[in-house]
Each structure stands twice: as C-alpha cells, then as structure tokens.
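Here is the structure we will look at.
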Amino acid sequence: MSVSAPTSRTRFAALSDQARACWLDPAEMEFCAHGFENASLNRIIAEAGESKGRTYHYFADKGDLFRATLERRLARLGTLDGTTEAIAGAERQAYWTRIAELCRRLAGALQGDERLASLLRTLHQEAAAQRAFAEPLAQLRAQIERVLASGQSVEAVRDDLPLGLLADVALNLLVTVDRWFAINASELAEGQEARLAERAFSLLMTPLLPPDYSGKTDT
C-alpha cells in the first residue's frame, strides 16, 4: 500500500515553533495592518527572509497562510478538548453551568488581545478570509454538535428538532456574537465588554433549551 505524500500543511506543522514563527510573525503583522485581500504575500515573504519556492513548499496560497496565522493566535486561548469532555460528562443541572464557565473563560482570554481581534474582524468582514478558514469552522461545528448531543442525552438540550439544525443555530449565533464583539470591542468602555459577553450567553442558550427546562445557570 502506498503512503500518501505529506501536504504543505503537515510539512509546516512538523517545523519547530521558531521556524513557523519566521512566517507567522510577519504574516500576523501584515494581515492585522491590511486585512486579507490587501495583504501582500510578497511583503510577508520578504519580511520572513524566505524564498517563494520554500514558502510554497509549506503554504498552498495566501489563504493557507492566513489560516495558519489565525489558528496560532486562537491556540493561545488554550485547548477546548478537556473542557468539552467535562461538559459532555455533566449531569443536567451542571451542563449549562459548565458551558457558561467556558464562555466566561474565553471572553476573559479574548479581552486585550488586539491582534486576535484584528484577525477576527478580517475573518468576519472578508469573504476570501472566510473561505480560507472554512475547514476550521466546519470542525468547530462538528464539536458543537457533539456537545449538543451530550446535552440531549441528559435532557439539557431540546430534542424536538434535528441535531444538525440545532448545531447550525448555535454556530450561527456564536459567529454573530463573535463578529459583533470583534468589530465593536474597541469602542466599549472598560469592563463593558465583559458584562455584555456575560449577557450575550443567554442568546446562545435560550433557543437550545427544552421547552420544559427549569434549571438555573449562573451567567
């Protein structure tokens, strides 16, 4: 059986953090300063001190580089795997409390990260950036669906609608809330972002609750 050749993405992932930073550091500066469409791959390559040939060995195109840049920034928020496993193992009363804790932690981590906010604004405002990041968004949707399925198993999430529809609703609301904060966070007074993020959690929670749900969640 033949072994498939490594893709540009897997080759890049095999590099050291320092080697990856040679491209990602200047790419982050370029995307933050110019957005996606107006960012120059040639400027990034020149700032990285690399050749075009070596760059294309690791990135299929500018979209690949944008994806890697945003994924690195998001990774600094910490992995969600352990948290989602804890949510999946929660009983009915603890299920939404743990999700609220996750939202609170992410909101806190996002505050003050101006470069992440800039990259997210680009993601929300430019269709080409969205196409470049389509696969990670699909992975996020799959993760949301698994979490909602675990909620249905303990009757914390409604089961009178298809699971796929609920996952789409949750992802669309999450993206809408994230878009609003990415675009407007710089205009909010100190402390206001955290308070609004807490209240916005109810937008994500309410459409997913069973009609007879009477549990209380501290948000």
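The values are calculated or read from the model by the stated rules, or taken from the named source; none is laboratory data. Not measured: the values here are computed from a predicted model. Note: ideal-geometry Cβ built from the backbone for every residue, glycine included; neighbour counts use all protein chains shown. Heavy atoms of the whole protein, side chains included, go into the accessibility calculation; ligands, DNA and RNA do not. Shrake-Rupley method; radii C 1.70, N 1.55, O 1.52, S 1.80 Å.
Determine which member of the set 102, 70 is surrounded by 14 or more Cβ atoms within 10 Å (Cβ to Cβ), part of a helix (DSSP H, G or I) and either modelled with pLDDT under 85 or of a type in the set (Lys, Arg) (or both). Working first, answer last.
Numbers: 70 fails: either modelled with pLDDT under 85 or of a type in the set (Lys, Arg) (or both).
That would be 102, the only listed residue that is surrounded by 14 or more Cβ atoms within 10 Å (Cβ to Cβ), part of a helix (DSSP H, G or I) and either modelled with pLDDT under 85 or of a type in the set (Lys, Arg) (or both).
Taking residue 64, is it within 19 Å of the chain's Cα centre (by Cα) and modelled with pLDDT of 90 or more? Even if it seems obvious, please write down each step before you answer.
Details: within 19 Å of the chain's Cα centre (by Cα): yes; modelled with pLDDT of 90 or more: yes.
Yes; evaluated as a whole, the condition is true for this residue.
Is it the case that residue 85 is in a helix (DSSP H, G or I), free of Cβ contacts under 8 Å to residues at least 40 places away in the same chain, of a type outside the set (Val, Ile, Thr) and in contact with a helix residue (DSSP H, G or I) (Cβ under 9 Å, 6 or more places away or on another chain)? Write out each step before concluding.
Details: in a helix (DSSP H, G or I): yes; free of Cβ contacts under 8 Å to residues at least 40 places away in the same chain: yes; of a type outside the set (Val, Ile, Thr): yes; in contact with a helix residue (DSSP H, G or I) (Cβ under 9 Å, 6 or more places away or on another chain): no.
When the stated conditions are applied, residue 85 does not pass them.
Can you pull out every residue in the range 21-59 that is open to solvent by 80 Å² or more (accessible area, probe 1.4 Å) and part of a loop (DSSP other than H, G, I, E, B)?
Across the range 21-59, the qualifying residues are 37, 38.
Could you count how many residues in the range 121-152 are in contact (Cβ under 8 Å) with a residue 60 or more places away in the chain and in contact with a Lys or Arg (Cβ under 8 Å, 6 or more places away or on another chain)?
Residues in the range 121-152 being in contact (Cβ under 8 Å) with a residue 60 or more places away in the chain and in contact with a Lys or Arg (Cβ under 8 Å, 6 or more places away or on another chain): 4 in total.
Which one of these does residue 213 not meet: (1) farther than 27 Å from residue 68 by Cβ; (2) of a type in the set (Phe, Trp, Tyr); (3) touching a residue at least 60 places away in the same chain (Cβ under 8 Å)?
(3)
Filter the range 116-156 down to residues that are within 13 Å of the chain's Cα centre (by Cα) and of a type in the set (D, E, K, R) and give me whichever is surrounded by the fewest Cβ atoms within 10 Å (Cβ to Cβ).
135
Identify the residue in the range 177-195 that is of a type in the set (D, E, K, R) and outside any loop (DSSP other than H, G, I, E, B) and, among all such residues, is most open to solvent (accessible area, probe 1.4 Å).
Taking the range 177-195 as the starting set, the residues that turn out to be of a type in the set (D, E, K, R) are 178-179, 187, 190, 193, 195.
Pick out the ones that are also outside any loop (DSSP other than H, G, I, E, B) and you get 178-179, 187, 193, 195.
Values: 178: 46, 179: 87, 187: 147, 193: 46, 195: 124 Å².
Ranking the qualifying residues of the range 177-195, first place goes to 187.
Do the conditions hold for residue 198, that is, is it in a helix (DSSP H, G or I), at pLDDT below 80, over 29 Å from residue 34 (Cα atoms) and not basic (Lys, Arg)? Walk me through it before giving the result.
Details: in a helix (DSSP H, G or I): yes; at pLDDT below 80: yes; over 29 Å from residue 34 (Cα atoms): yes; not basic (Lys, Arg): yes.
Yes.
Return yes or no: is residue 155 over 23 Å from residue 197 (Cα atoms) and among the acidic types (Asp, Glu)?
So residue 155 fits the description; yes.
In this structure, does residue 171 turn out to be in contact (Cβ under 8 Å) with a residue 40 or more places away in the chain, under 27 Å from residue 61 (Cβ atoms) and either surrounded by 18 or more Cβ atoms within 10 Å (Cβ to Cβ) or among the aliphatic types (A, V, I, L, M) (or both)? Working first, answer last.
Values: in contact (Cβ under 8 Å) with a residue 40 or more places away in the chain: no; under 27 Å from residue 61 (Cβ atoms): yes; either surrounded by 18 or more Cβ atoms within 10 Å (Cβ to Cβ) or among the aliphatic types (A, V, I, L, M) (or both): yes.
Criteria not met by residue 171.
Mind checking which pairs have a first residue in the range 41-67 that is in contact (Cβ under 8 Å) with a residue 60 or more places away in the chain and a second that is aromatic (Phe, Trp, Tyr) and open to solvent by less than 20 Å² (accessible area, probe 1.4 Å), Cβ under 7 Å, 6 or more apart or different chains?
Within 7 Å, the pairs are 66/31; 66/36; 67/133.
Please identify the pairs in which a residue from the range 95-120 that is over 16 Å from residue 200 (Cβ atoms) and charged (D, E, K, R) has its Cβ atom under 9 Å from the Cβ atom of a residue that is assigned to a helix (DSSP H, G or I) and open to solvent by 30 Å² or more (accessible area, probe 1.4 Å), counting only partners at least 6 apart or on another chain.
So the pair list comes out as 98/83; 98/86; 113/73; 114/32; 114/186; 115/29; 115/32; 115/73.
Show the residue pairs meeting these rules: Cβ distance below 6 Å; 6+ apart or different chains; first residue within the range 186-207 and closer than 17 Å to residue 97 by Cα; second residue not in a helix (DSSP H, G or I).
Note: pairs meeting the criteria are 198/219; 201/219.
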